[in-house]
Amino acid sequence: RTTGAAIISPATSTSEGNATVSVIIAELGLARDVTVQVVRVATSTLVSNPFPTFNQSESIDTAVLRRVAGTSYYERALLDVRFVLSNGDTHVASDVGIVPTFSTEGSHHGVTVYFERVSIGAVNRTVLSVNGSALATNVSVVGDIGSFEPRAQKDVVVASRAETVSVVALTSMFLDVPFNTLAGIAGVTTAPIRIGVVLGNGNVLTDVTQPALTSVLGLISFQSTRSSVVSVNAATGVCTPHANFLRGVRIEASIQTLMAATEVFVNLLPAVGDVDFGSVAHNGPQFADVTLGSAFHVPVVVNTGAQRLAVLTLTVAFDTSRVRLTGIAPTTGYAASVTTLSSSLSLVTVSCASS
């Protein structure tokens, strides 16, 4: 049995209405007629929404692009075409696999216009970017979805450089690593802070660390409340760990009176030849909180490089008024023992050797 699909397209001269398509398989003596409806594009509208996108941004109409106060950055618009068919059905081009082409008509009066292709999910979209001028200017944007008429057209106002929109809040601040935890090597590993801003017109720039938004990032100043554990570049928000710490370290971001913060944890890997205590999951601080009176396990991690560990001897100090050592559990292939050096000083020697 042969299976397949036939793509049927109406001729350009075909008028709207019903048409009959006959399917004939002569070898099997089969024939069938199918009625299809031919429609046309009745109306089309150019849609412009804020970009970068954010929750509910597709419900906001971007008819005016303003400069963000204190920066050279102008707001951008995500473009699309909404069209209504002669049978009343409404579609958005990007939702049905159509990639519109966009252009401008008329003069821009000193405004430079850019059309940039971006990928949102698996869909190719177009973003309108501008460089403004001293005077407000209307930019007539046209969207085409093939040879269909009428074309979608809309005037987008590019506000003058003097007419700005201000940042009114900082939002969505986090360290761009799993669990906000810096692992790796002290003084070498780095990770960036991600942060967004809310504008006075309700638009949200979800991540101002993107290259296109560096002038907005320049408004923000970063600082660490414990720079000996985690330092942060005041201008870029890139964090560098320096030492393990029992608790999170607060990284703060500010624009004048606006403030945001996130808690960053440090749980470093030991250097080659070094030993470390604490969680190896790197999903929070070196030592997790425990319930008073409950037993807990403290991993001992040794970085041997590419070598196999033969013998390890550690002297461990701890506060016997708070914790009590009840035993050790060596990794498979090793034997371990504990010798108490001084109960008054809370010192024990832990020895581990390949078995």
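For this structure, a couple of remarks:
- Filtering the range 116-141 to residues that are in a strand (DSSP E or B) and surrounded by 17 or more Cβ atoms within 10 Å (Cβ to Cβ) leaves R125, T126, V127, L128, S129, V130, T137, V139, V141.
- Summed over the range 61-78, the residues that are in contact with a Phe, Trp or Tyr (Cβ under 9 Å, 6 or more places away or on another chain), open to solvent by 10 Å² or more (accessible area, probe 1.4 Å) and either among the aliphatic types (A, V, I, L, M) or in a loop (DSSP other than H, G, I, E, B) (or both) give a count of 1.
- Pairs meeting the criteria (first residue in the range 82-99 and touching a residue at least 12 places away in the same chain (Cβ under 8 Å) and within 19 Å of V38 (Cβ to Cβ), second residue of a type in the set (V, I, T) and open to solvent by less than 40 Å² (accessible area, probe 1.4 Å), beta carbons under 7 Å, at least 6 apart or on different chains) are F83/V41; F83/I145; L85/V41; I98/I145.
- Residue that is least open to solvent (accessible area, probe 1.4 Å), among those in the range 245-277 that are closer than 14 Å to V229 by Cβ, in a strand (DSSP E or B) and touching a helix residue (DSSP H, G or I) at 6+ places or on another chain (Cβ under 8 Å): V264
- Across the range 191-206, the number of residues qualifying as part of a loop (DSSP other than H, G, I, E, B) and buried (at least 16 other Cβ atoms within 10 Å of the Cβ) comes to 2.
- Flag for G88 being open to solvent by less than 70 Å² (accessible area, probe 1.4 Å) and at positive phi: yes
- For the range 37-60, the set of residues classified as under 22 Å from S140 (Cα atoms), part of a strand (DSSP E or B) and open to solvent by less than 50 Å² (accessible area, probe 1.4 Å) consists of V41, A42, S44, L46, V47, S48, N49, P50, F51, listed by residue number.
- Which numbered condition T240 fails, given (1) part of a strand (DSSP E or B); (2) within 30 Å of V168 (Cβ to Cβ): (2)
- Qualifying positions in the range 207-228 - farther than 21 Å from A261 by Cβ and surrounded by 14 or more Cβ atoms within 10 Å (Cβ to Cβ): A212, T214, S215
- Selection status of T104, within 30 Å of G132 (Cβ to Cβ) and without any contact (Cβ under 8 Å) to a residue 40 or more places away in the chain: yes
- Residue in the range 269-283 that is within 19 Å of F174 (Cα to Cα) and in contact with a strand residue (DSSP E or B) (Cβ under 8 Å, 6 or more places away or on another chain) present: yes
- Among residues of the range 213-225, those that are touching a Phe, Trp or Tyr at 6+ places or on another chain (Cβ under 9 Å) and free of Cβ contacts under 8 Å to residues at least 24 places away in the same chain, counted: 1
- Criterion violated by L292 - all others in (1) under 29 Å from P178 (Cβ atoms); (2) open to solvent by 80 Å² or more (accessible area, probe 1.4 Å); (3) at pLDDT 85 or above satisfied: (1)
- Whenever a residue of the range 310-335 is at positive phi, its partners that are modelled with pLDDT under 85 and open to solvent by less than 60 Å² (accessible area, probe 1.4 Å), lying with C-beta atoms within less than 8 angstrom and at least six residues away or across chains, give the pairs G333/S354.
- Qualifying position, being under 17 Å from L46 (Cβ atoms), in contact with a Phe, Trp or Tyr (Cβ under 8 Å, 6 or more places away or on another chain) and not hydrophobic (A, V, I, L, M, F, W, C), among T126, T104: T126
- Qualifying residue in the range 7-26 (condition: surrounded by 12 or more Cβ atoms within 10 Å (Cβ to Cβ), among the acidic types (D, E) and either over 47 Å from the mean Cα position of the chain (by Cα) or at pLDDT below 90 (or both)): yes
- Residues of the range 168-185 that are surrounded by fewer than 18 Cβ atoms within 10 Å (Cβ to Cβ) and among the hydroxyl-bearing types (S, T, Y): T171, S172.
The values are calculated or read from the model by the stated rules, or taken from the named source; none is laboratory data. These figures come from a predicted structure and were not determined experimentally. Note that we place each Cβ from the backbone using ideal geometry, even for glycine, and neighbour counts take in every protein chain shown. Note: accessible area is taken over every heavy atom of the protein model, side chains too, but ligands, DNA and RNA are not part of it. Shrake-Rupley method; radii C 1.70, N 1.55, O 1.52, S 1.80 Å.
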